[in-house]
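The values are calculated or read from the model by the stated rules, or taken from the named source; none is laboratory data. What you see is a predicted model, and the numbers here were worked out from it, not measured in a lab. Backbone-built Cβ (ideal geometry, glycine too); neighbour counts: all protein chains shown. SASA here: full protein model, heavy atoms, side chains in, ligands and nucleic acids out. Shrake-Rupley method; radii C 1.70, N 1.55, O 1.52, S 1.80 Å.
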Amino acid sequence: MNKAVLRYSDDTQIMAEALTCRRGGRTVFANMSFTLSAGSYLCLRGRNGAGKSTLLRLIAGLVPQSDGKFVVQAGGQALDIKSSLLMVGHLNGLKPALTLRDNAAMFQKVMTGQNLDQAVLQAAAKRFALAHLLDQPVQYFSSGQRHRSALMRFELVSRQIWLMDEPTVGLDSDNRQALAVMMQSHLERGGIIISATHDPIDVEGIELNLDDFAPKQIGQNSLESEWL
């Protein structure tokens, strides 16, 4: 199928109700609720340490929830979240000794079991100004080029739910615009995006400030604070 015309399910929903996460004996966030439908963009805000990355990892099934309810469904039936999402975080997951083309081919094979469509790869690389680097080993890339190489993966594999952790890091204005265009195209096809970022992205969506779900601290002068 031509990825450019792919339309995702319109009845997919992500629902969180009174979601709470504790890690290392500390409550990261508590009583968080939100609902997202196809075509929704949720932008996570908050101070460093507020739990933005933790929430993304929880949604991806990498961190367990402590309390509350979290459901991904379509047509009233629960979906396997791992087969429905794609996540790019702080680690780019690239093999330095391999070329960008070989990295992309390996990623495609692992994710889908299929061979990489070279036309799709070329278009994705062009979007992030990487076409001239496709046959260069990633070990020679700058940090910005590596980050763009990781973002390029969203163009290679069709997943309705995108999780992005600080996607604008290291991007200049042109590549930020390329990111915004890619995200908007995904939403228009019924995709769902959840991103954690301190920087503005030119995509209309809903903001969720995780500072609003921080546990209340009492006994501020004590060495050990009690968390509710």
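Using 0.36 nm per residue of separation minus the Cα-Cα distance, give me the extension gain between Thr35 and Gln114 in nm, one decimal. List each step's numbers first, then the result.
Working: separation 79, 0.36 × 79 = 28.44 nm, distance 3.31 nm.
Full-extension gain reported as 25.1 nm.
Considering the chain as a Gaussian network with a 10 Å cut-off on Cα pairs, which listed residue, Leu86, Leu133, Leu179, attains the greatest mean-square fluctuation?
Result for the chain, Cα springs under 10 Å: Leu133 fluctuates most.
Enter the mean projected area of the convex hull around the alpha-carbon atoms of the range 34-125, in nm², rounded to one decimal.
8.6
Express the relative contact order of the range 4-63 as a whole percentage, based on alpha carbon pairs under 8 Å and six or more residues apart in sequence.
27
For Asn209 and Ser185, what is the calculated FRET efficiency with R₀ set at 30 Å and r taken between the beta-carbons, to the nearest 0.05?
The pair Asn209/Ser185 has a calculated efficiency of 0.65.
Given a 1.4 Å probe and the protein chains all in place, what does the accessible area of Thr12 round to, in Å² to the nearest 10?
Thr12 has an accessible surface of roughly 0 Å² with all protein chains in place.
Points 7 angstrom from Cα along the Cβ direction at Met15 and Ser143: gap in nanometres?
4.2
For the chain, give the share of DSSP beta bridges that are antiparallel, in percent and rounded to the nearest 5; count only bridges with both residues there.
55
Mind giving me the nanometre distance, one decimal, between the label points for Ser158 and Arg22, set 7 Å out from Cα along Cα→Cβ?
Rounded to a tenth, the inter-label distance reads 4.3 nm.
Pick out, from Thr27, Leu85, Val71, the residue whose Cα sits farthest towards the positive end of the charge dipole of the range 1-89, with +1 on the Cβ of Lys and Arg and -1 on the Cβ of Asp and Glu.
Value: Thr27.
Any chance you could list the semi-axes, whole Å, largest first, of the equivalent ellipsoid that the Cα gyration tensor gives for the chain, using √(5λ)?
Numbers: eigenvalues 209, 89, 50 Å².
They are 32, 21, 16 Å, listed largest first.
Between His132, His147, His186, find the one with the highest GNM mean-square fluctuation for the chain; connect C-alpha pairs within less than 10 Å.
His132
Starting from the Cα of His132, step 7 Å toward the Cβ, then list every residue of the range 177-193 with an amide N under 20 Å from that point.
177-179
At R0 = 30 Å, how high is the FRET efficiency between Val71 and Asp172 if r is their beta carbon distance? Nearest 0.05 is fine.
The computed FRET efficiency comes out at 0.20.
Under a Cβ-only charge scheme (Lys and Arg +1, Asp and Glu -1), can you give me the dipole magnitude of the range 1-58 about the Cα centre, in debye to the nearest 20?
My answer is approximately 460 debye.
If ligands, DNA and RNA are left out, what is the accessible area of Glu207 with a 1.4 Å probe, given in Å² to the nearest 10?
120
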